[in-house]
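Here's the structure, in structure tokens; my notes come after.
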Amino acid sequence: MEIPRHWRLKQQRYSLVGEICPHCQVKIFPPRDVCPNCGGEANTPYTFSGRGEVYSYTTIYEAPAGFEDKAPYTVALVKLDEGPLVTAQLTDLGDTPVEIGMPVEMVTRRLRQDGDERGMLIYGYKFRPAMN
Amino acid sequence: MTENKTLLKPSRPVGIVGYGAYVPRYRLPAKEVDRMWAGERSAGLPIKEKAVPGLDEDVITMSIEAARNAMKRAEIDPAEIRAVWIGSESHPYAVKPSSTIIAEAIGAAPHVQAADMEFACKAGTEAMVMAMGLVGSSMAKYAVAIGIDTAQGKPGDALEYTAAAGGAAFIIGPADESLAVINASYSFVTDTPDFWRREYQIYPEHGQRFTGDPAYFHHILEAGKAMLESSGTSAKDYTWAVFHQPNTKFPQKVAQMLGFSPEQITPGLLSPVIGNTYAGAAILGLTAILDIARPGDRILVVSFGSGAGSDAFDIVVTDKLLERRDKALKTQDYIARRTEIDYATYARYRGKIRMK
Amino acid sequence: MTDVVIAGIGQTRVGEFWDISLRSLAVRAILAAIKDSGGLRPQALYAGNMLAANLSRQAHLGTLLADFSGLVGIEAETLEAAGASGAAALRQGYLAVASGLVDVALVVGVEKYTDVIGPEIEAALATTTDSDFEAIHGLTPTSQAALLMRRYQHEFDLPPNGLAEFVLTAHANGAGNPNAMYRKPLSREAYQKAEMVSEPLTLFDIAPNADGAAALILTRPNLLPKDFAHPLVRIAASASVSDTLGLHNRPEPLWFAAAQASVEQALKKAGLSREQIDLFEYYDAYSIYAALSLEAAGFAARGQGWKLAAEGAIGLQGKIPCATMGGLKARGNPGGATGVYQAVEATLQLRGQAGPNQIPKARCALIQALGGPAATAVTHVLTVAS
């Protein structure tokens, strides 16, 4: 069971909470203690809007353990409006063709379960074609 | 107007400060169920199609989105929320609240009440009445009430045609901040075993035709009549009405019995195109009405939950609705987002394929 | 800086060895390298490995391998840097010998995939990405390469099958390497018809994960046996550079900055220019990585790496021969052992022992192993000792 390592990331996972550097105002995701832009100390939380566009994407047919029941699924690098790229799955695609540059928005979904059906459910961000 | 001491009326006026809907993307046509289990011979199908959640969706994820939509319209500080209550018969955990996850996701934790309700299809309105009580007593400024389900019907059962996914969330707060004021609610509850699901069972059982007159109709009629009577109103005093909708016919019939016209119930009658969303059904209809209502419009909502009971609400729209309702996706936006699936995909999405 | 030379090399064939354990595989390469060195006894063992703790439930690998090689008592540690683990171990050996603190160092790279079957392997590989922010989304190293390839197609005018030459060259060269996993040339038709694995990446764009072990004995020239039997190969430079672990944290994901910097540093230390490099063992775990590596190393302009291959420059007779013994694609991708294989193969070329794949008069080899999408880049320059 990996309860603690998922539990402590709930803010980041559920709501895309990153950081804003108090020194250079760069927005950071995932959060880290040292600003990658200016090297200053960074720990001011910042909640991203969840809006962005697809930077690149691919579909996974041979999934790693823990994701087999979701295959095939699409993962993407999403360029957030505030700057950072994030890695996440695309969801609710239905018959929508994915394209680089496609506007997407964050939703909170079930990422996987910890172990089998007895394990905790791990929720986190995914992105879907923008509806708003 | 007769003084009705059974009416639930808050001592401080309350209302809906924000509302939000959610309906998942996928649709299973009823004719697919018919094709699979009834040889495509059914004369009439209970609905056109039902909403089916994706592989990564459940009551928690759907509630988060509905609650976020409600927050967008409410424009309040989530730290001022004192309760997150969610009614559902399909909570992902048997033990472990859905509500704590939702509270965390919308920024309402940690200074909140959080609990999961269960009362079949009226668990959501149950949460609303509780929220009215908390806010109406001035114990809290805001409370979140959600009714959402990802209902399951036994393969081939009559319920499989309709058991759907969707629901709504409401931020209940002081009337002077509300998009719609809730004048009062009334609840009518008896021990009527028309439908249930025993512990550890995947699919529910139901009393077939017994679910009609002694259950659905009796409770909705009693609750509806009591609300009209104690409010000194009749159907014509309401612009809109919405009733629990397990199929297309029942809500049409009960509306007629209470004196409502088809025009009054049409905007809130979503079951033909999304199915029966259980705890979400009546209140999702309410969100669709709020999406089109005008200030001053009066709305009667009557839910029904098997087991059995009904909650009735007398609601009046305020001016604030117009300035805030466009701040989030509308119910019809979700209904229009639609990808049809076949029975095989449905079986996979709903976990009906044995994987081990 | 003191000269460090490669006194011995050893390698096993790369493939699926159901009946050979992690330790046996490594010991075979170790004993071969010691023998090749004329019997030098190492004072330190540096093991490069990526997944033993995961797939073989074996941590503390360095000590295990020293123990089972009959070397109990010597210093022994494991280095892990994903696909660059073996190269990191080589660098560790180089530093130890160059510093004078260790006289003879044994570097061994080993990877054992076939202890486990099924999706656990992809999950283990995914632990080399940012576990909390990449792997949790179901991302794997392969899908990461697919993301880069898709973006590359978008930014540059890569034609359909534009990366074919990397794959065909590797397979052509694998045919001449007795230790390669695939020893048959691949036809262009077969490449074009390959099964899609993670769009736009096909089965043949991906180097096969396989078991393998390779070893090196490093020492200083004055410590070599008097009757040392081989032309002498020296390590002219070693450089290791890190980048962000998460691909999403790079300002420019298509630019392998660490690969660029490590080549730059290595060439500078070796006092060599690109024109003097006779062969380049790049890290072609995916065909797109070959293109990006050529660009990062400065052999091609940005977005032009595929063109260099398409023009025939990377073949054995080309301007800059690459993957001369088959590369990861045809020799096989033995994970953390890769960097040591590259050094063994480059040594064979510089000794003139590369058989049918011999690059005539090869004097300078550039070898580079990457951890992830160049999150770690370890580059060495090997030269014929004058």
Practice task
Out of the residues in region A:1-16 that are of a type in the set (A, V, I, L, M) and outside any helix (DSSP H, G or I), state the one that is farthest from A:D81 (Cα to Cα).
Solution key: A:M1
Practice task
Answer yes or no as to whether B:E104 is within 12 Å of chain A (Cβ to nearest Cβ) and under 20 Å from the mean Cα position of the chain (by Cα).
Solution key: no
Practice task
Report whether or not B:T190 is surrounded by fewer than 21 Cβ atoms within 10 Å (Cβ to Cβ), under 18 Å from the mean Cα position of the chain (by Cα) and either at pLDDT 95 or above or not in a strand (DSSP E or B) (or both).
Solution key: no
Handout entry: Residue match in region B:38-56 (condition: buried (at least 22 other Cβ atoms within 10 Å of the Cβ), assigned to a loop (DSSP other than H, G, I, E, B), within 11 Å of chain A (Cβ to nearest Cβ) and acidic (D, E))
Key = no
Problem - Condition check for A:V98: more than 13 Å from chain B (Cβ to nearest Cβ), farther than 19 Å from C:I136 by Cα and within 16 Å of the chain's Cα centre (by Cα) - result: no
Exercise for the section: Take B:D157 and decide whether it is more than 18 Å from the chain's Cα centre (by Cα), in the same structural domain as B:G44 (by TED's automatic domain parsing) and under 26 Å from B:M62 (Cβ atoms). Expected result: yes
Fill in the blank from the handout: Out of (1) touching a strand residue (DSSP E or B) at 6+ places or on another chain (Cβ under 7 Å); (2) in a loop (DSSP other than H, G, I, E, B); (3) of a type in the set (D, E, K, R), the one C:R57 does not meet is (1)
Completion exercise
Given the conditions (1) touching a His at 6+ places or on another chain (Cβ under 6 Å); (2) part of a loop (DSSP other than H, G, I, E, B), every one holds for C:A330 apart from (2)
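Tell me whether region A:94-104 contains one or more residues that are β-branched (V, I, T), modelled with pLDDT under 95 and within 21 Å of B:Y26 (Cβ to Cβ).
Yes, there is a match, as at least one residue in region A:94-104 is β-branched (V, I, T), modelled with pLDDT under 95 and within 21 Å of B:Y26 (Cβ to Cβ).
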Exercise for the section: Give the number of residues within region B:264-314 that are of a type in the set (A, V, I, L, M), within 16 Å of B:A168 (Cα to Cα) and surrounded by 23 or more Cβ atoms within 10 Å (Cβ to Cβ). Expected result: 13
Completion exercise
Note on A:L111: of the conditions (1) in a loop (DSSP other than H, G, I, E, B); (2) in contact with a helix residue (DSSP H, G or I) (Cβ under 7 Å, 6 or more places away or on another chain), unmet is (1)
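Restricted to region A:118-128, and to residues that are without any contact (Cβ under 8 Å) to a residue 40 or more places away in the chain and either at the interface with chain B (Cβ under 9 Å from one of its Cβ atoms) or of a type in the set (S, T, Y) (or both), which residue is surrounded by the most Cβ atoms within 10 Å (Cβ to Cβ)?
Looking at residues that are without any contact (Cβ under 8 Å) to a residue 40 or more places away in the chain and either at the interface with chain B (Cβ under 9 Å from one of its Cβ atoms) or of a type in the set (S, T, Y) (or both), I get A:K126.
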Exercise for the section: Could you check, for region A:68-79, whether at least one of its residues is within 17 Å of A:S49 (Cβ to Cβ), of a type outside the set (A, V, I, L, M, F, W, C) and either touching a His at 6+ places or on another chain (Cβ under 7 Å) or within 12 Å of chain B (Cβ to nearest Cβ) (or both)? Expected result: no
Fill in the blank from the handout: Screening C:R331, C:R302 for residues that are surrounded by 24 or more Cβ atoms within 10 Å (Cβ to Cβ) and of a type in the set (D, E, K, R) leaves only C:R331
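The values are calculated or read from the model by the stated rules, or taken from the named source; none is laboratory data. Since the structure is predicted, the reported quantities are computational estimates derived from the model, not experimental observations. Cβ: placed from backbone, ideal geometry, glycine included. Neighbour counts: every protein chain shown.
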